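The values are calculated or read from the model by the stated rules, or taken from the named source; none is laboratory data. It should be emphasised that the depicted structure is a prediction, and the values quoted were computed from it without experimental measurement. As a convention, Cβ positions derive from the backbone with ideal geometry for all residues, glycine included, and neighbour counts pool all protein chains shown. The protein model used for the area step is the full one, side chains on, heavy atoms only, and it has no ligands, DNA or RNA in it. Shrake-Rupley method; radii C 1.70, N 1.55, O 1.52, S 1.80 Å.
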Amino acid sequence: MRIVMTGAAGGVGTMIRPLLRDHYEVVLSDQAVITDLAANESFVQADITDQDAMDALLKGADGLIHLGGQSVEGSWEAVLNANIIGLHSTYEAARRQGCQRIIFATTNHVVGFYRRQITIDHKVMPRPDSRYGVSKAFGEALGRMYADKHGMRIFNIRIGNVDHKPVDRRRLSIWVSPRDLVQLMRIGLEHADIHFEVVYGISDNARGWYDNSNAFRLGYKPQDQSEDYAAEATAADSVVTSDLVGEQFMGGGFCAIEFSGDVKRTR
Ligand code: 15L
């Protein structure tokens, strides 16, 4: 399979490249140039808001891993440009070029305002904690439309936090290792029966807040456990100033940004 990966120069793209190129011919794409190409990798520079560039990029692709765009909270202009306009150009290019499979890197911040005491599955209503989270909820809805209207196969991964290990207490609940994330991506790219799915991008986390039964139903068997890093991740928090808003909710610090609501009422 020939797979295009947008946002390939970013942190997540860099971590998963070595795990993807053994399985696929991977076309890396980003605005920033990537020069350290390995076997099975090539690079195309493209801006996701440039429709012509996206059409050219997706020509002949069997699948797309879309990591491109704004990956944290930002100004409305930044979020609008990258995650609304840029995402629309990307989906539209995939439809026009016959690229049927899309792995959409969505985020835990779509559901960031759920309280940490409960467990939520992939069917809950969005509760975005930021403009960024709202834009990813839009992205999931856009994918639903392309799946239902155009028969494309859309696999949404609500990613927790991708890293080689969980770095703090909150990340013990939402961490995903690069190899577990790639396992989920491969399900989305290869499973015979994908129409539109939402799964959580998390490893086997004993302190998890998400019911990931939809991923398990599709064959996901996470290999890594955040609890293996519990001592050091918990110790890391003792030096961080406590965040009274963020501590209440799954989205953590994203909830606290510009917060002017009532913590007790946000239930
Ligand atoms: C995200 O969606 C971000 O892309 C990532 O940088 C982390 O901040 C992560 O969420 C998180 O919630 O830890």
Would you mind checking which residues have amide H under 5 Å from ILE159's amide H? H placed 1.01 Å from N; only 5 or more apart, or other chain. THR106, THR107, ASN108, GLY201
Checked segment 17-66 with the C-alpha gyration tensor, a ≥ b ≥ c its square-rooted eigenvalues, rounded below a/c of 1.5, otherwise prolate if a/b is larger than b/c and oblate if not; verdict oblate
Can you work out ³J(HN,Hα) from phi for every residue in segment 203-209, in order, using Karplus 6.51 cos²θ - 1.76 cosθ + 1.60 and θ = phi - 60°, giving whole Hz and x for Gly and Pro? 7, 7, 9, 4, 9, x, 9
Packing-ranked peptide list from 197-203, 79-85, highest mean Cβ count within 10 angstrom first, is 197-203, 79-85
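Before I look further, what does the chain give for accessible area per residue, probe 1.4 Å, in whole square angstrom?
On a per-residue basis, 44 Å².
Which three numbers, in whole Å and largest first, are the semi-axes of the equivalent ellipsoid of segment 1-101 derived from its Cα gyration tensor as √(5λ)?
One finds semi-axes of 21, 17, 11 Å for segment 1-101.
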Quick check: from the Cα gyration tensor, does segment 197-267 come out rounded (a/c under 1.5), prolate or oblate? oblate
Length gain on complete extension for the stretch ASP148 to LEU19, per 0.36 nm per residue less the alpha carbon to alpha carbon distance? 43.4 nm
Determine the gain in length on full extension of the stretch LYS264-THR234; use 0.36 nm per residue of separation and subtract their C-alpha separation, reporting nm with one decimal. 8.2 nm
Can you work out ³J(HN,Hα) from phi for every residue in segment 136-151, in order, using Karplus 6.51 cos²θ - 1.76 cosθ + 1.60 and θ = phi - 60°, giving whole Hz and x for Gly and Pro? 6, 5, 4, x, 5, 5, 4, x, 4, 5, 5, 5, 6, 7, 10, x
Nearest-20 debye value, segment 17-114 charge dipole, Cβ charges on Lys, Arg, Asp, Glu: 300
How compact and how long is segment 74-224, expressed as Rg and Dmax of its alpha-carbon atoms in Å? 15.1, 44
If I model a spin label at TRP76 and GLN117 as a point 7 Å from the Cα along the Cα→Cβ vector, what separation in nanometres do I get? 3.5
Please report the carbon-and-sulfur percent of the accessible area for the chain; probe 1.4 Å, protein heavy atoms only, DNA, RNA and ligands left out. 51
Connecting every pair of Cα atoms under 10 Å apart in the chain and solving the GNM, the largest mean-square fluctuation among HIS195, HIS88, HIS150 falls on HIS150
At q = 0.12, 0.13 Å⁻¹, what base-10 log of I(q)/I(0) does the Debye formula yield for the chain when every alpha carbon is treated as an equal point scatterer in vacuo? -0.70, -0.82
When all protein chains stay in place, what accessible area (Å², nearest 10, 1.4 Å probe) is found for LYS136? 10
Which value in nm describes the separation of the simple spin-label points at ALA32 and MET1, placed 7 Å from the Cα toward the beta carbon? 2.7
Interchain or sequence-distant (5+) residues whose placed amide H lies within less than 5 Å of the amide H of PHE196 are ILE154
Extended-chain gain in nm, criterion 0.36 nm per residue less alpha-carbon gap, GLU92 and ARG179: 28.4 nm
Return the sequence-ordered ³J(HN,Hα) values of segment 13-24 in whole Hz as given by the Karplus equation 6.51 cos²θ - 1.76 cosθ + 1.60 applied to θ = phi - 60°, using x for Gly and Pro. x, 5, 5, 9, 3, x, 8, 8, 5, 6, 10, 9
